[in-house]
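Scroll down for the structure; my scribbles are underneath it.
The values are calculated or read from the model by the stated rules, or taken from the named source; none is laboratory data. Everything numeric in this text was worked out from a predicted model, so none of it was measured. We place every Cβ from the backbone using ideal geometry, glycine too, and count neighbours over all the protein chains shown.
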Amino acid sequence: MDRLADPKTALLDLEDCYPTLPVWLDPKAGERLERCRDEATRSRKRVASVEPRPAFAGFEKVLHVVTPPVTSRQDGARPEVWSRQADYFTA
């Protein structure tokens with residue numbers, strides 16, 4: 001995420017998710033959010049590259065079935081599989 005094509009649109013999502021983002025997922029999230037804010041203020045782009053994300057309709061509208069957990073961990077804790085997969089997302 002060194003360059004954003006549409007920082008104003010990205011900023012909406014980043015500001016929304018930042019408070020709940022686990023530190024292990026992106027230790028530099030605060031820096032990235034600030035950089036996105038700076039780029040959004042300098043951006044000359046006036047038309048969004050993507051449509052706004054849809055609003056969550058609520059749990060009663062979810063049609064899929066969630067399977068029970070296979071491991072015991074607390075919400076926000078780093079999943080075991082992340083250590084093996086992190087390079088794929090960060091490299």
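So here's what we get for this one:
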| read-out | value |
| --- | --- |
| Test: residue in segment 36-51 that is assigned to a loop (DSSP other than H, G, I, E, B), of a type in the set (Asp, Glu), surrounded by 10 or more Cβ atoms within 10 Å (Cβ to Cβ) and at pLDDT 80 or above | no |
| Residue match in segment 12-24 (condition: in a loop (DSSP other than H, G, I, E, B) and in contact with a Ser or Thr (Cβ under 7 Å, 6 or more places away or on another chain)) | no |
| Residue within segment 5-20 that is farther than 27 Å from Ala77 by Cβ, small (Gly, Ala, Ser) and surrounded by fewer than 16 Cβ atoms within 10 Å (Cβ to Cβ) present | yes |
